[in-house]
1. Counting Lys and Arg as +1 and Asp and Glu as -1, each charge on the Cβ, what is the dipole of the chain about the Cα centre in debye, to the nearest 20?
2. Charges at C-beta only: +1 for Lys and Arg, -1 for Asp and Glu. How large is the resulting dipole of the stretch 146-235 about its Cα centre, in Debye rounded to 20?
3. Give me the percent of accessible area attributable to carbon and sulfur for the chain, probe 1.4 angstrom.
4. Over the stretch 1-83, average the accessible area per residue using a 1.4 Å probe and give it in Å², no decimals.
5. For labels at Asp170 and Lys217 in the simple 7 Å Cα→Cβ model, what's the distance in nm?
6. Can you compute the radius of gyration and Dmax for the stretch 137-179, using only the Cα atoms, both in Å?
7. Considering all projection directions equally, how large on average is the shadow of the alpha-carbon convex hull of the stretch 186-307, in square nanometres?
8. Output the 0 to 90 degree angle, nearest 10, between the alpha-carbon long axis of helix 296-305 and the longest principal axis computed from the alpha carbons of the chain.
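The values are calculated or read from the model by the stated rules, or taken from the named source; none is laboratory data. Since the structure is predicted, the reported quantities are computational estimates derived from the model, not experimental observations. Cβ placement follows ideal geometry from the backbone for every residue including glycine, while neighbour counts extend to all protein chains displayed. For the accessible areas, the whole protein counts, side chains as well, though only heavy atoms, and no ligand, DNA or RNA atoms are used. Shrake-Rupley method; radii C 1.70, N 1.55, O 1.52, S 1.80 Å.
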Amino acid sequence: MTDKLNELTAAGVAVWLDDLSRVRLSSGGLDQLRREKHVAGVTTNPTIFAKALSDADEYNWQLRDLAIRGVDVEEAVRMLTTYDVRWACDVMRPSYDGSAGVDGRVSIEVDPRSAHDADKTVAEAKALWWLVDRPNLFIKIPATEEGLSAITDTLAEGISVNVTLIFGLDRYSAVMEAFLAGLEQAKANGHDLSKIGSVASFFVSRVDSEVDKRLEKIGSDQAKALRGKAAVANAQLAYERYTEVFSSDRWKALEAAGAHPQRPLWASTSTKNPDYRDVIYVEELIAAGTVNTMPESVIHAYADHGETRGDTVTGAYDAARKVFADLESVGVDMSDVIATLEREGVEKFEASWQELLDGVSKSLTAAGTGKGSPNKAAKGNAKAAEKAGGA
C-alpha cells in the first residue's frame with residue numbers, strides 16, 4: 001500500500017498530532033504514531049487537557065500526592081500538564097534531533113485568561129519553559145493584540161513560541177513582524193538563534209463554520225455556492241504572505257545568523273461539516289515548509305484515503321482572492337468574521353481552562369478524602385470543554 005502520510009511529509013508538510021494524554025504516553029501510543037504515522041510534533045490546549053484528566057485513572061497517584069501536599073488548584077494543573085508535556089518532549093526527541101531542531105516539538109499553552117495581559121503572558125511563558133525544561137518545547141501564546149508584544153519579548157528570552165488563535169491575514173502579518181523583532185532582540189541578547197523555533201497556528205475549519213453560517217442566513221444561490229471555500233482561501237493567502245516575508249532581506253540576515261523560519265501551522269483541521277471531505281483541510285493546504293496538526297482521526301483518515309497532489313497552495317492565490325471578492329459581493333464582512341472568531345477563540349479556551357480548574361479541584365478533593373476515583377469527579381466538567389474544540 002502507498003504510504004500516504006509519507007507522501008505528505010515528502011511534499012513538505014510536517015504531520016503533527018493535535019492531542020495528548022497520559023494514557024497515550026504510557027501506552028506507547030504517541031511513540032507508535034511517531035514511528036508508524038510520521039507524526040513529528042504535538043499540540044495541546046486547555047480543551048485537550050480537560051478531557052485527558054477526566055478520562056484516565058493514570059493521574060490518580062499524582063493527584064493524591066498533590067492533595068497531600070495541599071497545593072492550590074492552579075499549581076496542581078501546572079504540575080499535571082507539564083508532567084505530560086515533559087514526557088511527550090522526551091518521546092518526540094528523536095524527531096527533534098533528526099530534524100536539527102525543526103520538528104519534534106510539543107506545545108503547552110499559557111493561561112488563556114492572560115491573553116490580554118502581555119506582562120503576565122511573558123512571565124508565565126518563562127515559568128513554563130523552566131518547569132518543562134526541554135529544548136523541544138513550544139510555549140503557545142494567543143495572537144491577540146496584546147499577545148504580539150508578548151511574542152516578541154518571549155522570543156527575545158530565547159524561548160520557542162507557538163503563536164495560536166490566528167484567524168486573519170492582517171493579524172498574521174503582525175505575528176510575523178513580532179517574530180522577526182523577537183529574533184532580532186534574541187540575537188542582540190546573545191541567544192543562539194538556531195535553538196529558537198516558532199510556528200504560527202492559523203486556524204482553518206472555524207473560518208468555514210462562521211462564514212457558512214452567514215452564507216446560510218443570506219440564503220441566495222450565489223451565497224450558498226460559496227460554502228466551504230473561505231477557510232482554504234484564507235489559509236492560501238496567508239501562505240502567500242509567509243513567502244513574501246521569508247524571502248525578504250530582513251529575514252535573510254536572521255537566517256544567516258542561524259535562524260529557522262516561523263512555519264505556518266494549519267490548525268483546527270478536522271472537518272466540522274459532514275458534507276465536506278474529511279481530509280479537505282489537509283489536501284487543499286499542501287505546501288513546502290508547513291505544519292498540519294490533526295486529531296488522530298484525521299491522521300488515520302489521510303493515511304487511508306488522502307490524496308497528495310503536490311503543492312495545492314501557491315498556484316491558488318488568484319482563485320483565493322476571487323473567493324474573498326465573491327464573499328464581499330454577497331454581503332459577508334470578513335473583517336467581522338475574523339474579529340468574531342478571535343474573540344470566541346479566546347473565550348472558548350478561557351472556558352476550557354475554567355473547566356480544567358474545576359475538574360482538578362474536585363479531583364483534589366476526592367483524592368484528599370479518599371472518596372472514589374479522583375478523575376471521575378472531573379468527567380462532567382470536561383464535557384463542556386470538549387465542545388470548545390480547536391488546536
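1. 740
2. 420
3. 49
4. Here the per-residue accessible area is 40 Å².
5. 2.1
6. 9.4, 27
7. Over all viewing directions, the stretch 186-307 projects a mean Cα-hull area of 9.5 nm².
8. Approximately 40 degrees, to the nearest 10.
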